[in-house]
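Structure first, then comments.
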Amino acid sequence: MAKKHVAVLLGGFSAERPVSLSSGNACADALEGEGYKVTRIDVTRDVSSVLAELRPDVVFNALHGPFGEDGTIQGILEYLEIPYTHSGVLASALAMDKERAKRVAKAAGIPVAEAKVMNRFDIGNKHPMKPPYVVKPVKEGSSFGVVIVQEDQSHPPQVIGSSDWRYGDTVMVERYIHGRELTCAVMGDVALGVTEIIPVGHTFYDYDAKYVAGGSKHECPAKVSPIIYQKIQTLALKAHQAIGCRGVSRSDFRYDDRHSENGELIWLEVNTQPGMTPTSLVPEIAAEAGHGFGELLSWMVEDASCLR
């Protein structure tokens, strides 16, 4: 039986274009290795007409950032009735909006950090909450625009209110959680392993720590107690289901074990379009669970559908 024709969407026009090109090409190469007919599409504004003419059996969505993971391309694919990988319109839009995603997660019993949504110009020279805290754009990925305000800072960073800020006027101010950065992948209805991310030469897991070789170390599986490990898996699956994700997702956590082993475990966000670059977390976690890169991608292609 002939394998499906897969169109891999990559590149695009968000700030995360370089990551998407890397992810998309890695996925396209692997899918070709699995015997699929693959067409690579560097996404521009005419992507709907390109796809309507091409009519692939499946779209593998390797886009990152706005348009690619906020429900927009998903809506186009629903309209064209082309099955696609990852989450659907609603879950994609919801997960991209950090504040609304947190509301849904909290309602599902998932522990989240206290936060408030503000216009960045309202922050001014007065701390919006007691430091330390984090200021982050409500609708950006890959840690773009994330600013950590330390306990000893006398006033908020000036960049938040400056003309150099490129991440929209609405920001989320969130209590800073000390401790370790942990992440868990979900594949379908199964939580895979937990990895600890240890930034190298970075104060937190920022863009370079994520995507530049040597920017971070991944401890896979994470060296935490079995109770915490299982709790993270349970919460990751619960977030995946509460937000309505499909296919593969990845939930990020902070774990403060400075004072006790049980410590404080906080869910940060769910990523519906996790990276698939050579340094990416989900392929590593899947491999640890016994799913090679080609097998993981094949599963995603066969799992693709509309009305997700």
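The values are calculated or read from the model by the stated rules, or taken from the named source; none is laboratory data. None of these values were measured; they are calculated from a predicted model. All Cβ positions, glycine included, derive from the backbone under ideal geometry; neighbour counts span all protein chains shown. Please note that ligands, DNA and RNA were not included when accessible areas were found on the heavy atoms of the full protein model with its side chains. Shrake-Rupley method; radii C 1.70, N 1.55, O 1.52, S 1.80 Å.
Determine the order of Arg103, Arg246, Arg308 by accessible area, beginning with the largest, at a probe radius of 1.4 Å.
Result, largest first: Arg103, Arg246, Arg308.
Could you run the Karplus curve 6.51 cos²θ - 1.76 cosθ + 1.60 with θ = phi - 60° over the stretch 219-230 and give me ³J(HN,Hα) per residue in whole Hz, x for Gly and Pro?
Values, residue by residue: 9, 10, x, 5, 8, 10, 5, x, 5, 5, 4, 5 Hz.
Sort Trp299, Trp165 by accessible area with a 1.4 Å probe, largest first.
Ranked from most to least accessible, the order is Trp299, Trp165.
Looking at the chain as a GNM with Cα springs under 10 Å, which of Val186, Val50, Val89 has the largest mean-square fluctuation?
Most flexible of the set in this elastic network: Val50.
Rounded to the nearest 10 Å², what accessible area does Glu99 show when all protein chains are kept and the probe is 1.4 Å?
For Glu99, the solvent-accessible surface is approximately 40 Å².
Using a simple charge model, +1 on the beta-carbon of Lys and Arg, -1 on the beta-carbon of Asp and Glu, nothing else, what dipole does the chain show about its Cα centre, in debye to the nearest 20?
In debye, rounded to 20, the chain gives about 560.
Using the Cβ atoms and a cut-off under 14 Å, what net charge is assigned to the surroundings of Ala286, where Lys and Arg are +1 and Asp and Glu are -1?
Taking every Cβ under 14 Å from that of Ala286, the sum is -3.
Give the Debye-formula value of log10 I(q)/I(0) at each listed q (0.17, 0.18, 0.25, 0.26 Å⁻¹), with one equal scatterer per alpha carbon of the stretch 105-186, two decimals each.
For the stretch 105-186 at q = 0.17, 0.18, 0.25, 0.26 Å⁻¹, log10 I(q)/I(0) is -0.72, -0.80, -1.35, -1.42.
Taking Lys37 as the anchor, which lysines have their alpha carbon closer than 20 Å to its alpha carbon, excluding any fewer than eight residues away along the same chain?
Qualifying lysines at Cα under 20 Å: Lys3, Lys4.
Keeping all protein chains in the complex and leaving out DNA, RNA and ligands, what accessible area do you get for Arg175 with a 1.4 Å probe, in Å² to the nearest 10?
Approximately 60 Å² for this residue.
Counting only other residues whose beta carbon sits under 15 Å from that of Leu307, what net charge do I get with K and R as +1, D and E as -1?
Taking every Cβ under 15 Å from that of Leu307, the sum is -1.
Quick one: among Cys245, Cys27, Cys220, which has the greatest mean-square fluctuation in a GNM of the chain with alpha-carbon springs under 10 angstrom?
Fluctuation is largest for Cys220.
For Lys106, list the aspartates and glutamates whose Cα falls under 12 Å from its own Cα; do not include residues on the same chain fewer than 8 positions away.
Within reach: Glu114, Glu269.
With 19 Å as the limit, write out which pairs from Lys116/Lys231; Lys136/Lys238; Lys102/Lys139 have Cα-Cα distances beyond it, or answer none. Intermediate values should be presented prior to the final figure.
Numbers: Lys116/Lys231 26 Å; Lys136/Lys238 24 Å; Lys102/Lys139 13 Å.
In this structure, Lys116/Lys231; Lys136/Lys238 lie more than 19 Å apart at Cα.
Order Arg55, Arg45, Arg254 by their accessible area, 1.4 angstrom probe, all chains in place, largest first. Don't skip to the answer; put the middle values down first.
Details: Arg55 115, Arg45 185, Arg254 30 Å².
Putting Arg55, Arg45, Arg254 in descending order of accessible area: Arg45, Arg55, Arg254.
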